[in-house]
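The values are calculated or read from the model by the stated rules, or taken from the named source; none is laboratory data. Since we're looking at a predicted model, the values are computed, not measured. Positions of Cβ are backbone-derived with ideal geometry, glycine not excepted, and every protein chain shown enters the neighbour counts.
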Amino acid sequence: MSRGAKAALANVFQDENAWHGGGWEIGQVMINARIESHGEASDRRRAEREPVDVDARLRELGSGGCEAKVLNISATGFMAETAAEFSVGARVWLILPGRERANAVIRWIEGDRIGAEFAEPTDTAGLLAR
């Protein structure tokens with residue numbers, strides 16, 4: 001933390017609190033914080049995404065489902081385009097042609113695109129060979 005930031009926080013917490021090498025001690029409570037810059041989504045992924053163009057169905061648990069086009073996929077997640085509306089955190093089934101469905105959680109939404117993380121790693125070898 002920069003000296004300027006420490007000084008600004010010291011003004012907020014006044015004399016009764018003190019900075020102790022990694023966090024603020026406020027009375028009997030120690031606050032440790034880490035500020036992390038948000039990099040590109042690809043920097044946070046656990047597996048490299050591969051571009052694909054696969055028609056699929058997305059079905060939120062308890063609903064009938066909708067058409068989607070999977071644009072990229074990895075063992076841990078996918079990005080798709082769909083006209084349907086979802087919420088971040090929604091649990092969905094991704095149903096790919098000739099494959100078993102895969103359970104996933106919607107992690108982000110941008111326009112008609114969604115990004116989701118599979119509940120369990122998924123084999124994508126057959127899709128990538130297309």
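The set of residues in the stretch 79-112 being part of a loop (DSSP other than H, G, I, E, B), surrounded by 13 or more Cβ atoms within 10 Å (Cβ to Cβ) and out of contact with any strand residue (DSSP E or B) (no Cβ under 6 Å at 6 or more places or on another chain) consists of Arg99 alone. Quick check on my filter: what residues within the stretch 95-126 are under 15 Å from Asp55 (Cα atoms) and among the hydrophobic types (A, V, I, L, M, F, W, C)? Selection gives Ile95, Leu96, Ala102, Ile114. For the stretch 78-126, give me each residue that is polar (S, T, N, Q) and in contact (Cβ under 8 Å) with a residue 60 or more places away in the chain. Once the filter is applied, which keeps residues that are polar (S, T, N, Q) and in contact (Cβ under 8 Å) with a residue 60 or more places away in the chain, the stretch 78-126 yields only Thr124. Does Val70 qualify as being touching a strand residue (DSSP E or B) at 6+ places or on another chain (Cβ under 6 Å), modelled with pLDDT of 95 or more and either in a loop (DSSP other than H, G, I, E, B) or of a type in the set (Ser, Thr, Tyr) (or both)? Answer is no for this residue.
Being among the small types (Gly, Ala, Ser) and assigned to a loop (DSSP other than H, G, I, E, B): is that true of Gly115 here? It is false that Gly115 is among the small types (Gly, Ala, Ser) and assigned to a loop (DSSP other than H, G, I, E, B).
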